[in-house]
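Laboratory data are not the source of any read-out in this text; all were calculated from the coordinates shown. Every value quoted in this text rests on a predicted model; they were computed, and no experiment measured them. Counting neighbours? That spans all protein chains shown, and the Cβs are built from the backbone with ideal geometry, glycine included.
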Amino acid sequence: MLIGYARVSTLDQNLEPQLDALVAASVDLDRVYTDKATGANADRPGLVSAMKALREGDTLVVVKLDRLARSMKHLIELGEVIQGKGAALRVLDAGIDTGTPVGRLTFHIVGALAEFELALIRERTQAGLRAARERGRRGGRKKKLDGARLALARTLWADLNLPVAHIAEQMKVSRRTLFRELGPRPVSEAAEGTAALPLPLS
């Protein structure tokens with residue numbers, strides 16, 4: 001028995017092209033399960049139902065690999081589950097059919113290459129971060145105040161006659177950024193909504 005699965009990533013996309021391709025591959029529409037979810041979304045009731053429907057000797061048919069799995073790790077996991085059920089996976093656009101020896105080999109080669117590519121990406125990323133740290137750079141979002149702008153902000157910050165809102169406007173940053181980068185001001189300002197200094201005792 002052929003079991004079909006189709007997915008689109010957003011509600012405004014059309015499932016029809018995938019359904020047409022599955023029907024052309026002899027899949028009965030009554031046996032096609034669908035989802036409308038993003039690639040990273042783990043909540044796929046249609047895929048869960050399709051996997052439950054698979055029996056020994058059945059074949060799960062999809063148009064493209066990226067319609068089936070969230071990631072290469074997920075794809076390999078699904079492949080193991082399908083194989084454990086004694087079923088097969090057919091990917092129409094890639095010509096993969098794990099019901100044949102050549103198809104099983106192709107599927108494992110695709111998975112191995114993808115894992116190899118991910119490992120290279122991780123290695124390049126780590127090397128880039130390490131090189132940046134050695135040059136004195138740190139990863140993450142670029143600071144809004146640095147160098148000359150930070151020095152100017154400190155000068156303005158030290159002038160307690162200038163309201164925080166005015167400094168923030170001049171530096172084109174938020175009040176929160178000022179307090180995060182410069183710390184608390186030496187004296188609270190009534191103009192900023194804080195308590196006034198206490199009156200001297202008589």
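The string of couplings for region 146-154 from the Karplus curve (6.51, -1.76, 1.60, θ = phi - 60°) is 7, x, 5, 5, 5, 5, 5, 4, 5 Hz, one whole number per residue in order, with x for Gly and Pro. Between residue 85 and residue 28, the FRET efficiency estimated from the beta carbon spacing at R0 = 22 angstrom works out to 0.70.
Amide H of residue 4: which non-local residues (sequence gap of 5 or more, or other chain) have their own amide H closer than 5 Å, using H built in the peptide plane? Result for residue 4 returns 32, 33, 61. Electrostatic tally near residue 69: other residues with Cβ closer than 11 Å to its Cβ, Lys and Arg +1, Asp and Glu -1, net +4.
What share of Cα pairs, in percent, lie more than 11 angstrom apart in region 147-190? Above the 11 Å cut-off, region 147-190 has 63 percent of its Cα pairs.
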